[in-house]
Amino acid sequence: MKKILNPYPKYPGYNCYACSPNNEYGLRMEFFEDGDDIICEWKPINYMQGYHNMLHGGIQATLIDEIASWYVQIKFKTAGVTSSMNVKYIKPVSMLNDKITLKASLKKKRRNLIDMEVELRNANDELCAKGEVTYFTFSQEVARRDFSYPDYIEFSQKK
């Protein structure tokens, strides 16, 4: 697995709830490239629970949506926005687990739409949620101009 660097902290005002390493109230997600997949290992934070000791479903959906965004950025070298997302909750996610693992994979690409499947697994590798996410992608020119998409090399080495 290869760690993906987050090049966005250099932009003034960047404070993404899901991936900013500097958002004290955020998820602070980090990503890894593993062959054709993007992986994230994440530890639940106590104040993100729904039912007692269970991770809130909205947080699970946010984790699924964010890793899909990073899949687009890394595998297709552009930016996009969520067009649709369907999450199936299979098993409650305990807040007492050491980690959650998310894996994003490509289902299909059609023109500027990218369909991905995301699995959310608990520390025992049990499937807890599954997301089907479709992203509308932009040309690299639009991604750079309107979405601050950096040079691709910045995801793997610091400038």
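The values are calculated or read from the model by the stated rules, or taken from the named source; none is laboratory data. Worth saying up front: this structure is predicted, and the values here are computed from it rather than measured. For neighbour counting, all protein chains shown are included, and Cβ atoms are generated from backbone atoms with ideal geometry for every residue, glycine included.
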Discussion item. Being among the basic types (Lys, Arg) and closer than 21 Å to ARG144 by Cα narrows it down to one residue among LYS3, LYS75; which is it?
Written reply: LYS75
Discussion item. Restricting to the range 126-150, count the residues that are of a type outside the set (Lys, Arg) and more than 21 Å from ALA61 (Cβ to Cβ).
Written reply: 11
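Does GLU117 fit the bill of being acidic (Asp, Glu), under 30 Å from PRO44 (Cβ atoms) and either in contact with a helix residue (DSSP H, G or I) (Cβ under 8 Å, 6 or more places away or on another chain) or in contact (Cβ under 8 Å) with a residue 40 or more places away in the chain (or both)? Step through it out loud before you land on a result.
Numbers: acidic (Asp, Glu): yes; under 30 Å from PRO44 (Cβ atoms): yes; either in contact with a helix residue (DSSP H, G or I) (Cβ under 8 Å, 6 or more places away or on another chain) or in contact (Cβ under 8 Å) with a residue 40 or more places away in the chain (or both): no.
The answer is no for GLU117.
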Worksheet item: Restricting attention to the range 59-79, does a residue exist that is surrounded by fewer than 16 Cβ atoms within 10 Å (Cβ to Cβ), touching a helix residue (DSSP H, G or I) at 6+ places or on another chain (Cβ under 9 Å) and under 21 Å from TYR17 (Cα atoms)?
Response: no
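Residue-wise test of (1) hydrophobic (A, V, I, L, M, F, W, C); (2) assigned to a strand (DSSP E or B); (3) under 29 Å from PRO9 (Cα atoms).
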{"residue": "LYS108", "(1), (2), (3)": "no, yes, no"}
{"residue": "MET116", "(1), (2), (3)": "yes, yes, yes"}
{"residue": "ALA123", "(1), (2), (3)": "yes, no, no"}
{"residue": "THR134", "(1), (2), (3)": "no, yes, yes"}
{"residue": "ARG144", "(1), (2), (3)": "no, no, yes"}
{"residue": "ILE153", "(1), (2), (3)": "yes, no, yes"}
Fill in: Tally, over the range 107-159, of residues that are at pLDDT 95 or above and among the aromatic types (Phe, Trp, Tyr)
3
Discussion item. Looking only at residues that are over 15 Å from the mean Cα position of the chain (by Cα) and without any contact (Cβ under 8 Å) to a residue 60 or more places away in the chain in the range 131-141, which one is surrounded by the most Cβ atoms within 10 Å (Cβ to Cβ)?
Written reply: PHE136
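Residues of the range 23-48 being aromatic (Phe, Trp, Tyr) and within 16 Å of the chain's Cα centre (by Cα), which ones? Lay out the reasoning, then the answer.
Kept after step one, since they are aromatic (Phe, Trp, Tyr), are these residues of the range 23-48: 25, 31-32, 42, 47.
If the condition is that a residue be aromatic (Phe, Trp, Tyr) and within 16 Å of the chain's Cα centre (by Cα), then PHE31, PHE32, TRP42 are the ones that fit.
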Practice prompt. Go through (1) in contact (Cβ under 8 Å) with a residue 60 or more places away in the chain; (2) on the phi < 0 side of the Ramachandran plot and name the single condition SER148 misses.
Written response: (2)
